[in-house]
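Taken together, the values in this text are just the output of simple stated rules run on the coordinates, not laboratory data. The shown structure was predicted, so the numbers you read here are calculated from the model rather than taken from an experiment. Cβ placement follows ideal geometry from the backbone for every residue including glycine, while neighbour counts extend to all protein chains displayed.
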Amino acid sequence: MSWGVTIVDHDSHSIDWTRRENDVREWGHGRKVWDHVPHAPVTIADKVWIGFSVSVLKGVTIEEGAVIGACSVVTRDIPPYSLAVGNPARVIRTLRSEACPDLEV
């Protein structure tokens with residue numbers, strides 16, 4: 001991973017104003033209630049490269065050997081040995097792997 005990468009497994013706040021209006025104040029007092037905030041695990045496999053300033057959001061799996069370009073926002077799963085870039089990140093090419101030499105370039 002490069003510098004400035006953000007990985008979150010939750011939405012931080014509800015999109016409902018009445019549920020988030022006191023979030024910062026309550027969090028500051030150690031009382032933030034998370035039960036109404038959507039969350040899902042993030043999985044990052046081996047041999048992945050994540051460029052600088054990338055954000056990886058909840059519920060995403062980045063498969064083995066994938067590369068995420070700088071400043072991308074990963075909102076969905078990325079297949080193995082793929083190059084993904086953008087906001088939202090999209091796969092733009094398949095990468096060759098020593099383990100799978102017949103993959104396209």
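Just so you know, in region 50-75 the residues that are outside any loop (DSSP other than H, G, I, E, B) and in contact (Cβ under 8 Å) with a residue 24 or more places away in the chain include one that is surrounded by the most Cβ atoms within 10 Å (Cβ to Cβ), and it is 56.
I'd like the residue in region 24-39 that is in contact with a His (Cβ under 8 Å, 6 or more places away or on another chain) and assigned to a loop (DSSP other than H, G, I, E, B) and, out of all such residues, is nearest to residue 84 (Cα to Cα). So, considering only residues that are in contact with a His (Cβ under 8 Å, 6 or more places away or on another chain) and assigned to a loop (DSSP other than H, G, I, E, B), the one nearest to residue 84 (Cα to Cα) is 38.
Across region 76-93, the number of residues qualifying as of a type in the set (Val, Ile, Thr) and either under 14 Å from residue 54 (Cβ atoms) or surrounded by 17 or more Cβ atoms within 10 Å (Cβ to Cβ) (or both) comes to 2.
Across region 11-69, the number of residues qualifying as on the phi > 0 side of the Ramachandran plot and over 12 Å from the mean Cα position of the chain (by Cα) comes to 4.
If only residues of region 7-47 that are in contact (Cβ under 8 Å) with a residue 24 or more places away in the chain and β-branched (Val, Ile, Thr) are counted, the one that is nearest to residue 72 (Cα to Cα) is 7.
Kindly evaluate residue 12 against the criterion of being touching an Asp or Glu at 6+ places or on another chain (Cβ under 9 Å), part of a loop (DSSP other than H, G, I, E, B) and exposed (fewer than 15 other Cβ atoms within 10 Å of the Cβ). Answer is yes for this residue.
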